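Here the structure is laid out as structure tokens; the discussion comes afterwards.
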Amino acid sequence: MDLDGTVFDNGYLSIEEIRNIRKLSQTGVRIIISTGRTLHYVLGITRSLGIKDVIICEEGAILYDCQTHTKQVFGDLSDINILKQNLSEWLPICRIPKEAHHDKQIILALDRNPRGNLDDFVEEVRSILIEKNLNLNITRSDEMINIMPPGINKGSTLRKFLNDEKINPDSVVAIGDSLNDLSVFELVGFSVAVRNATDKLKQHADFICTKDNGLGVCEVIDMIFANNMKYV
């Protein structure tokens with residue numbers, strides 16, 4: 001499950017959703033959070049939801065096991081460290097958001113001051129990356145962007161986890177709302193877009209919810225219970 005725009009909107013968790021997710025988790029179904037948010041932020045959410053499995057965060061750069069408290073970091077960090085060290089000189093129009101959930105360990109969340117067209121912002125940053133010969137990728141997040149090592153995304157980290165655990169991707173259901181969930185959709189057996197998802201993501205979904213955000217998640221959980229003889 002993705003978090004922002006999927007599990008909740010504007011940080012809101014409904015009692016119904018918490019109850020449904022906990023009920024599903026108690027059956028033995030493994031529930032994995034996959035998000036661009038920071039690890040310390042997501043740990044608070046998983047506690048609220050009663051989830052004690054692995055977490056994919058910072059767009060796939062970090063995989064954390066809530067049971068063993070072990071953390072794996074993916075990607076070549078050399079170029080992103082160079083960018084962090086020279087950010088104020090190379091990109092003075094950028095600022096790192098002050099909110100705690102944007103204070104990321106690996107990837108770099110950037111906002112523009114003042115804000116403008118997001119496409120223009122992406123091109124500004126991309127031109128600097130090219131000029132400085134930095135091999136980094138850019139992903140979008142609302143009005144901000146994330147800078148991250150190449151070859152890393154939610155799907156690549158989920159694939160590694162599934163391989164390590166010998167879990168068939170065809171047995172996995174993924175729920176999301178935006179294009180950074182596409183790499184997961186392309187991997188799993190059944191992909192679900194909540195009703196408020198972007199049109200581009202909906203084009204790649206096996207199912208589109210009739211409800212937004214957390215209510216859409218509840219809708220999918222109800223489907224899982226109704227369509228598995230194990231739970232009927």
GLY214, sole failed condition from (1) of a type outside the set (Phe, Trp, Tyr); (2) in contact (Cβ under 8 Å) with a residue 40 or more places away in the chain; (3) assigned to a strand (DSSP E or B): (3)
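This table checks each residue for (1) touching a residue at least 12 places away in the same chain (Cβ under 8 Å); (2) closer than 17 Å to VAL217 by Cα; (3) in contact with a helix residue (DSSP H, G or I) (Cβ under 7 Å, 6 or more places away or on another chain).
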{"residue": "SER25", "(1), (2), (3)": "yes, yes, no"}
{"residue": "GLY28", "(1), (2), (3)": "no, no, no"}
{"residue": "LEU49", "(1), (2), (3)": "yes, yes, yes"}
{"residue": "THR70", "(1), (2), (3)": "no, no, no"}
Qualifying residue in the range 117-132 (condition: within 24 Å of VAL73 (Cβ to Cβ) and touching a residue at least 40 places away in the same chain (Cβ under 8 Å)): yes
Matching residues, the range 60-74, being on the phi > 0 side of the Ramachandran plot and part of a loop (DSSP other than H, G, I, E, B): HIS69
Selection from the range 20-58 of residues that are touching a strand residue (DSSP E or B) at 6+ places or on another chain (Cβ under 6 Å) and within 15 Å of ALA174 (Cα to Cα): ILE32, ILE33, SER34, THR35, VAL54, ILE55, ILE56
Flag if ILE45 is in the same structural domain as ASP222 (by TED's automatic domain parsing) and crowded, with 21+ Cβ neighbours inside 10 Å: no
Number of the condition not met by SER141 [criteria: (1) among the polar types (S, T, N, Q); (2) surrounded by 13 or more Cβ atoms within 10 Å (Cβ to Cβ); (3) modelled with pLDDT of 95 or more; (4) not assigned by TED's automatic domain parsing to the domain that holds VAL29]: (3)
Residues (within 24 Å of CYS57 (Cα to Cα) and assigned to a helix (DSSP H, G or I)) located in the range 83-120: LEU83, LYS84, GLN85, LEU87, ALA100, HIS101, HIS102, LEU118
Complete set of residues in the range 193-211 that are touching a residue at least 12 places away in the same chain (Cβ under 8 Å), over 16 Å from the mean Cα position of the chain (by Cα) and in a helix (DSSP H, G or I): LYS200
Conditions (1) surrounded by 21 or more Cβ atoms within 10 Å (Cβ to Cβ); (2) in contact with an Asp or Glu (Cβ under 6 Å, 6 or more places away or on another chain): number failed by LYS154: (2)
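The values are calculated or read from the model by the stated rules, or taken from the named source; none is laboratory data. Remember, it's a predicted structure, so these values are computed and weren't measured experimentally. Ideal geometry is used to build each Cβ from the backbone, glycine not excepted, and the neighbour counts take in all protein chains shown.
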